[in-house]
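The next block holds one structure in the form of structure tokens; read it before the comments.
The values are calculated or read from the model by the stated rules, or taken from the named source; none is laboratory data. Nothing here was measured: the structure is a model prediction, and the numbers come from that model. Because the Cβ atoms are built from the backbone with ideal geometry, glycine has one as well, and the counts that use them run over all protein chains shown. Please note that ligands, DNA and RNA were not included when accessible areas were found on the heavy atoms of the full protein model with its side chains. Shrake-Rupley method; radii C 1.70, N 1.55, O 1.52, S 1.80 Å.
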Amino acid sequence: MSKRKRILSGIQPSGTIHIGNYFGAVENWVHLMKDYDCFFTIVDLHAITVTYDQALLPKRVWDAALDNMAAGLDPDKCTIFVQSHVPEHTELCWLLNCVTPLGELGRMTQFKEKSERERENVTAGLLNYPILQAADILIYKADAVPVGEDQAQHLEFTREVARRFNGRFGGYFPEPATLIGRGARVMGLDGDSKMSKSMGNHIGVVEAPDSIWEKLRPAKTDEARKRRTDPGDPDRCNIFSYHKLVTPDGEIKEIVAGCTGAKIGCLDCKKVFFNNLMKVLDPIRERRQALEKDPERVREALREGARKARAVARETLDGAKKLMGLLG
């Protein structure tokens, strides 16, 4: 029986997740658990590279654990843990610092963008963020990493770090492949930008149904359709892009016919989407509520995840240190 390939992906502790996070990443991760040895880490060390509220960070890490487990990351089928609970990540990061040219870090797109926003707080941690991300991946010798388009540069950087290490000390780290699943790019309710909590244009995965509907009712549709009697163009409607995430093909065809033939209004279209979205979100919300009532189950999952992760990470780190002449 062949050994299953391994993947690693990071979870940002930025509060409760929205449907952009779910359909863009988490849903794909859940499917990948069937075929891969999966490691999912809540990247609290990455979160502190920019200005943050240290009083809120523990709750955000906790919310990330609850939401992602409720959304389908089953600790019995994957390894889920908090990044800072596995110190081998930062130790390998230092080793990789010593083989990475400084100039490459300054060219990273995310560093440029974040340093522009954080002009008063451009730290060495922010600059070295990509090396820690490379360490997150390489410490598990991940065969592949599921990523969105915005992370493609970082994954290529990780491959370059692996090549540099291997070229100097011998072939040790695999170069992880890019895994892009359905990974939908979900636009916000404003229809103008990617869904984001900071933009206030999001639908929370565990948000109350009434609250979701109140956000959906005024959400942007095809702006050329001024009246119900005007024919619409689904391809110009942000709500139709949402239908593609949850609505069955048969209903999709009915939506298209009703919209282009001016037989249904935008509010009717939103109601169909809302009902189909609730079929996805209701079970997640119920699992989230059950986990909240059993916090020790979540803590134990994170402890056991860290234990499993450390066992793998320690072996990888020791091998890297030996090649570098740090272990006799």
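Highest GNM mean-square fluctuation among TYR22, TYR140, TYR172, for the chain modelled with Cα contacts below 10 Å: TYR172. Per residue, segment 1-41 exposes 45 Å² of accessible surface when a 1.4 Å probe is rolled over the protein heavy atoms with every protein chain present.
With K and R counted +1 and D and E -1, the other residues having a Cβ less than 11 Å from that of PRO218 yield a net charge of +2. Here the peptides 222-232, 95-105, 68-78 are ranked by packing, the mean other Cβ count within 10 Å, and the order with the highest first is 68-78, 95-105, 222-232.
In the neighborhood of PRO13, defined by Cβ-to-Cβ distances under 15 Å, what is the net charge if each Lys or Arg adds +1 and each Asp or Glu adds -1? Walk me through the numbers before you get to the answer.
Numbers: positive: LYS59, ARG60, LYS197; negative: ASP44, ASP53, ASP63, ASP67, ASP136.
Every neighbour counted, the sum reads -2.
Counting only protein heavy atoms and a 1.4 Å probe, tell me what percentage of the chain's accessible area is made up of carbon and sulfur. Write down the numbers at each step before the final one.
Details: 8390 of 16210 Å².
About 52 percent, which is the carbon plus sulfur part of the accessible surface.
Of the DSSP H helices in the chain, those with a Cα length along their own long axis of 18 Å or more and a mean Kyte-Doolittle hydropathy reaching -0.5 comprise 57-70, 266-292. Taking a point 7 Å from the Cα of ARG297 along the Cα-to-Cβ direction, the residues of segment 65-83 with backbone N closer than 20 Å to it are 65-82. Estimated from the Cβ-Cβ distance and a Förster radius of 41 angstrom, the FRET efficiency linking GLU304 and LYS279 is about 0.85. Think of the chain as having a plus end and a minus end, set by charges on the Cβ of Lys, Arg, Asp and Glu; of ILE137, ILE284, ILE255, ILE137 sits farthest toward the positive end of this dipole.
The heavy atoms of GLU315 offer some 140 square angstrom of accessible surface to a 1.4 angstrom probe.
Could you grab the relative contact order for the chain? Cα pairs under 8 Å, six or more apart, rounded to a whole percent.
Numbers: 466 pairs, mean separation 74.4, N = 328.
Answer for the chain is 23 percent.
A dipole drawn for the chain from +1 and -1 charges on Cβ atoms has a positive end, and of ASN201, HIS89, ILE11 the residue lying farthest that way is HIS89.
Note down the relative contact order for segment 177-270 as a percent, whole number, built from C-alpha pairs under 8 angstrom at least six residues apart.
Details: 89 pairs, mean separation 21.4, N = 94.
The normalised contact order for segment 177-270 reaches 23 percent.
Taking Lys and Arg as +1 and Asp and Glu as -1, the other residues whose beta-carbon sits under 10 Å from that of PHE81 total +3.
Report the full-extension gain for the segment THR260 to TYR52: residue separation times 0.36 nm, less the Cα-Cα distance, to one decimal in nm.
On the way: separation 208, 0.36 × 208 = 74.88 nm, distance 4.71 nm.
Once the chain is fully extended between THR260 and TYR52, it gains 70.2 nm.
For the listed residue pairs LYS220/LYS270; LYS197/LYS220; LYS194/LYS293; LYS3/LYS77; LYS5/LYS197, the alpha carbons are over 22 angstrom apart in LYS194/LYS293; LYS5/LYS197. Label-to-label distance, LYS77 versus GLU104, with points set 7 angstrom from Cα along the beta-carbon direction: 3.6 nm.
With the simple model of a label 7 Å out from the Cα in the direction of the Cβ, ASP318 to GLN289 spans 4.8 nm.
On a 1.4 Å probe surface of the protein chains, which of LYS293, LYS270 comes out largest in accessible area, and what is the full order? Walk me through the numbers on the way to the answer.
On the way: LYS293 175, LYS270 10 Å².
From most accessible down to least: LYS293, LYS270.
When +1 charges are put on Lys and Arg Cβ atoms and -1 charges on Asp and Glu Cβ atoms, the dipole computed for the chain relative to its Cα centre reaches about 340 debye. Listed by chain and number, the aspartates and glutamates placed with their C-alpha closer than 15 angstrom to that of LYS271 are ASP210, GLU214, GLU251, GLU254; residues fewer than eight positions away on the same chain are left out.
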